[in-house]
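A quick write-up on the structure given underneath.
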Amino acid sequence: MNIQPYRYMLGALLLISTFPAMAQDTLQLAEAVKLGLENNFDIRIVRNSVEVAENNYSYRNAGFLPSLNANAAITKEIQDTQQSFLDGREQNANNAASTNIGTSATLDWTIFDGTRMFIEYEQLGVLRKAEATSAEITIENTIAQISNAFYTVILEKAQMDVLEESLELSEERVQIAKTKYEVGRVSKLEYLAAQVDYNEDKSALIRQQEIFYTAKVNLNTLISLPPDHDFLVPGQIDPNLELEKESLQNSVLESNPNLLLAWQTQNLAYLEMKALKTDYYPTVALNAGYSYNSLEAEAGFVFLRRSNGAFYGLTGTWTIFDRFNRKREVQNALVQVETTELEIERIKQSLLADLERSYINYLNSVNLFQLEQQNLEIAKENAQIALERYRLGNSNALELREAQINAVQAESRLINAVYSTKIAEIELLRLSGQILSNA
């Protein structure tokens, strides 16, 4: 597709005060995206989630390492005691103190659990990837939002320029009508009509200025800048007019992060089923420790008793019968795996449908752009001829106004066609998982 005529025409249409722009910084899309990736609150939140998943992905969290616990306790008691023995002796003590000191350290280490710990480690790895994919979805959606907002600012600025051009033409018409009225060539009614049209165009420009300012506030919000932060934008939009449907479809099925997340969810469901099956096996744990105990008592048979030493052993646990709960849980897990397969197919179908709609929109926008190029050339030429005819007195104000409105509408439609093409392109890149690499 030949895009050279477009580039020359668009440069003329969307030029935004070239010389003033030289004196100020112009915000480029790459810079806006960079600010968004650094400052956008949604992106910062998902990055924290990714960091948590990274921290969780470890052998210790999967149960490979032992646990070591230390305990210490000291108890003091003061009691009045009275003891009677079988041989008739009695022993009484008032305010008898006793001190009991106990310390211990225990090591528990599961050395076999039916390979559940290996499966849980693999699950943590998949969860880490899933969090990264979820973050990618948020990042790509945010980039799409920033891109749309960025080009909306350019669109509204271009529309404002069109209205400014129209206002200048209306002002020229007022001056011509005033001159003609003063020399008696037209009635005051025509002069007043010119002023009314001028005021109407000025009102439209004021409304458009508000729309333009709102678009800038929206962009500032997305990239976490102050709402009143002022900036300039480039003078043109450069859409890709040669996107191919087949290439986009292949990319959707290979790279769309929503589909990748669905595959990862399926993998998690499969691993959960494997983990549940490990409950059919016994669990073997190694236990070891060391303890120290000391008891001092002013009343009783023993005044001082101390003991210390190590202990170790193996503990085996095997659930023989659990009312078939394990079988039920495994069956439910298998159903969940099948559900994730259906979910993958549903997402595929939905993505391809979205792609089809967006691509039709894209093609229509490209065709409209080419058509509106021709319409604008005709409308501008017609408006120029009408102005010259009105200046020479060969046409009336109604003819000039109609030509002026036609030119404004044609230019506005062309700008909208260019903008719609770019927005459709952004959506196609988002669906195909390519927006991050093209930002």
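Does N240 satisfy the criteria of being open to solvent by less than 80 Å² (accessible area, probe 1.4 Å), touching a Ser or Thr at 6+ places or on another chain (Cβ under 8 Å) and outside any helix (DSSP H, G or I)?
Values: open to solvent by less than 80 Å² (accessible area, probe 1.4 Å): yes; touching a Ser or Thr at 6+ places or on another chain (Cβ under 8 Å): no; outside any helix (DSSP H, G or I): yes.
So N240 does not fit the description; no.
What tally of residues in region 195-215 results from selecting those that are basic (K, R) and without any contact (Cβ under 8 Å) to a residue 24 or more places away in the chain?
Here the count works out to 1.
Rundown of residues vs (1) over 30 Å from S437 (Cβ atoms); (2) under 24 Å from the mean Cα position of the chain (by Cα); (3) in a helix (DSSP H, G or I); (4) not hydroxyl-bearing (S, T, Y), yes/no style:
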{"residue": "Y151", "(1), (2), (3), (4)": "no, yes, yes, no"}
{"residue": "E164", "(1), (2), (3), (4)": "yes, no, yes, yes"}
{"residue": "S170", "(1), (2), (3), (4)": "yes, no, yes, no"}
{"residue": "T179", "(1), (2), (3), (4)": "yes, no, yes, no"}
{"residue": "G184", "(1), (2), (3), (4)": "yes, no, no, yes"}
{"residue": "A193", "(1), (2), (3), (4)": "yes, no, yes, yes"}
{"residue": "N199", "(1), (2), (3), (4)": "yes, no, yes, yes"}
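Please tell me if E296 is charged (D, E, K, R), surrounded by fewer than 16 Cβ atoms within 10 Å (Cβ to Cβ) and out of contact with any Leu (no Cβ under 7 Å at 6 or more places or on another chain).
When the stated conditions are applied, E296 does not pass them.
So is E254 exposed (fewer than 11 other Cβ atoms within 10 Å of the Cβ) and assigned to a helix (DSSP H, G or I) or not?
Working: exposed (fewer than 11 other Cβ atoms within 10 Å of the Cβ): no; assigned to a helix (DSSP H, G or I): yes.
So E254 fails the test.
If you scan region 48-70, which residues turn out to be surrounded by 15 or more Cβ atoms within 10 Å (Cβ to Cβ) and aliphatic (A, V, I, L, M)?
V50, A53, A62
Six or more apart or on different chains, Cβ under 8 Å: which pairs go from a residue in region 216-230 that's at positive phi to one that's in a helix (DSSP H, G or I)? Could you list them?
As it stands, the answer is S224/L35; S224/G36; S224/N39; S224/F41, since those pairs meet every condition given.
One line per residue, one yes/no per condition, for (1) closer than 30 Å to Y281 by Cα; (2) surrounded by 13 or more Cβ atoms within 10 Å (Cβ to Cβ); (3) without any contact (Cβ under 8 Å) to a residue 24 or more places away in the chain:
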site: L334; (1), (2), (3): yes, yes, no
site: I344; (1), (2), (3): no, yes, no
site: D354; (1), (2), (3): no, yes, no
site: I360; (1), (2), (3): no, no, yes
site: L363; (1), (2), (3): no, yes, yes
site: L376; (1), (2), (3): no, yes, no
site: Y390; (1), (2), (3): no, yes, no
site: N394; (1), (2), (3): no, no, yes
site: L400; (1), (2), (3): no, yes, no
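The values are calculated or read from the model by the stated rules, or taken from the named source; none is laboratory data. Computed from a predicted model, the values in this text were never measured in an experiment. Heads up, the Cβs are rebuilt from the backbone with ideal geometry, glycines too, and the neighbour counts pull from every protein chain shown. Ligands, DNA and RNA are stripped out before the accessible areas are found, and what is left, the full protein with its side chains, is counted by its heavy atoms. Shrake-Rupley method; radii C 1.70, N 1.55, O 1.52, S 1.80 Å.
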